[in-house]
Amino acid sequence: MNKFYVSTKIYSGPNSLDVLGRFHGKRVWVVCDSFIAKSPAIGRLTRQLEPHNLVQIYSDITPDPSIGLVVSGIGQFLDFRPQLVIGFGGGSAIDAAKAIVYFARQQGHDIETCIAIPTTSGTGSEVTSATVISDPSRGIKYPIFDESIYPDMAILDPSLVVTVPPAITANTGLDVLTHALEAYVSRSAGDFTDALAEKAADLVFQYLPTACVKGECLQTRGKMHNASAMAGMAFSQAGLGLNHAIAHQLGGQFHIAHGLANSLLLTGVIALNAGKDVRALKRYTRLAKSCRLCPDAADDATALAALIAHIRALQQQVGVATTLSALNIGAEQVRSALPDIVRAAQADSTLKTNPCPVTDSEIAQLVEAIL
């Protein structure tokens, strides 16, 4: 039996931020990072909320929010006791807000509304039941999945992402593609998640190159913002796989941006899954055809090759690194961490829905391949 459930109300398109004008007389806590707190974007947000609400900004968020940061945030939350919590920013800010709300609610604290407003088009965290928390002392990221983690509302306003630099646009866009591909071949995929994943992947192939060079185009940014949310809904239901299981460890060990870590592994993981699992191969074939990457009459091998070739071409077109050495991460550094990476990847919850089991040796080989 399959289940499809999304409790988040989504408001999208230009001026969708205006929906915040409906709130009056509330204590509003905005969770963001220090960069966003100093940017013009925070003014746009607060103007929608003030003077009708009491607004406090919590801007201590850092990339890959840690257990300690979440604990500190809960303390700040308890001091202010907001009715509305808004995660405003990239995946780290939204994940931190969701985690704080999740643990606060578990402790019996009432929060009327949790709102996610992304300022990047990548993680899909605004519509997922997942949050990822890191443990810097162990170099591990912990994904937490629970239906109560879904934000109550997501606002996808493309005007908030027009100033995102090309490099971040590229990394986050490839994160969207990874979400879509992993959800599509997941053991738990179904018709509803397939539709979302197919559309998300198609939009990335069409619009990511333009978003990287013409960031001011609202239509393009809107398409990528929607693709991010659709891929988020797909993987929140269907799960992810090996790509994320390893990428979480690369991020935890070497502090690589999450989307870039996913991109580094993507073609290798596709080749491994397709070579071990016939169902995965057939699904990659179908996706390649639905995205018009190969002729409809192409056989499985041709379609798979076309999918991998288009991903590599996209990576080159948007200018992302394709090896760890290009990121100044040395082979010896990686090899010394490899046993921990393999062990943690095997224990990562995202691996459960990969289309096939993988061995320690196969994980190690995928990491070795991107040195």
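The values are calculated or read from the model by the stated rules, or taken from the named source; none is laboratory data. Note that the coordinates shown come from a computational prediction; the quantities given were computed from them, not determined experimentally. Every residue, glycine as well, gets a Cβ built from its backbone with ideal geometry; the counts of neighbours run over all protein chains shown.
Which one is farthest from Leu160 (Cα to Cα), of the residues in the stretch 43-71 that are in contact with a Ser or Thr (Cβ under 9 Å, 6 or more places away or on another chain) and not aliphatic (A, V, I, L, M)? Out of the qualifying residues, it is Ser66. Picking from residues in the stretch 48-80 that are among the polar types (S, T, N, Q) and closer than 18 Å to Phe103 by Cα, the one that is surrounded by the most Cβ atoms within 10 Å (Cβ to Cβ) is Ser66.
The residue list Ala298, Ala274, Ala280, Ala245 contains one member that is without any contact (Cβ under 8 Å) to a residue 60 or more places away in the chain and outside any loop (DSSP other than H, G, I, E, B), which is Ala274.
If you check Leu293 against the conditions, is it part of a helix (DSSP H, G or I) and not aromatic (Phe, Trp, Tyr)? Against the criterion (part of a helix (DSSP H, G or I) and not aromatic (Phe, Trp, Tyr)), Leu293 does not qualify. If you go through the stretch 347-361 and keep only what is surrounded by fewer than 18 Cβ atoms within 10 Å (Cβ to Cβ), out of contact with any strand residue (DSSP E or B) (no Cβ under 8 Å at 6 or more places or on another chain) and not in a loop (DSSP other than H, G, I, E, B), you end up with Ala347, Lys352, Asp360, Ser361.
Residues checked against (1) assigned to a helix (DSSP H, G or I); (2) of a type outside the set (Ser, Thr, Tyr):
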site	(1), (2)
Tyr184	yes, no
Lys199	yes, yes
Tyr207	yes, no
Gly215	no, yes
Gln253	yes, yes
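Consider Leu196 carefully, then state whether it is outside the structural domain of Val31 (by TED's automatic domain parsing), within 16 Å of the chain's Cα centre (by Cα), crowded, with 20+ Cβ neighbours inside 10 Å and farther than 29 Å from Phe254 by Cα. For Leu196, the condition - outside the structural domain of Val31 (by TED's automatic domain parsing), within 16 Å of the chain's Cα centre (by Cα), crowded, with 20+ Cβ neighbours inside 10 Å and farther than 29 Å from Phe254 by Cα - is met.
For the stretch 199-233, give me each residue that is assigned by TED's automatic domain parsing to the domain that holds Ala170 and under 18 Å from Leu287 (Cβ atoms). Of everything in the stretch 199-233, those that are assigned by TED's automatic domain parsing to the domain that holds Ala170 and under 18 Å from Leu287 (Cβ atoms) turn out to be Lys199, Ala200, Ala201, Asp202, Leu203, Val204, Phe205, Gln206, Tyr207, Leu208.
Can you tell me which residue among Gln107, Gln83 is modelled with pLDDT of 95 or more and surrounded by fewer than 23 Cβ atoms within 10 Å (Cβ to Cβ)?
On inspection, the qualifying residue turns out to be Gln83.
If I ask for residues that are in contact (Cβ under 8 Å) with a residue 12 or more places away in the chain and either assigned by TED's automatic domain parsing to the domain that holds Val176 or more than 14 Å from the chain's Cα centre (by Cα) (or both), which ones from the stretch 120-137 would you list? Listed by number, the residues that qualify are Ser134, Asp135, Pro136.
Taking the criterion of being β-branched (Val, Ile, Thr) and either touching a strand residue (DSSP E or B) at 6+ places or on another chain (Cβ under 6 Å) or surrounded by fewer than 24 Cβ atoms within 10 Å (Cβ to Cβ) (or both), the residues of the stretch 110-128 that qualify are Ile111, Thr113, Ile115, Ile117, Thr119, Val127. Out of curiosity, is Thr131 among the hydroxyl-bearing types (Ser, Thr, Tyr) and in contact with a strand residue (DSSP E or B) (Cβ under 6 Å, 6 or more places away or on another chain)? Yes: the conditions hold for Thr131. I need the full set of residues from the stretch 314-346 which are of a type outside the set (A, V, I, L, M) and not in a helix (DSSP H, G or I), in order please. If the condition is that a residue be of a type outside the set (A, V, I, L, M) and not in a helix (DSSP H, G or I), then Gly319, Thr322, Thr323, Asn328, Gly330 are the ones that fit.
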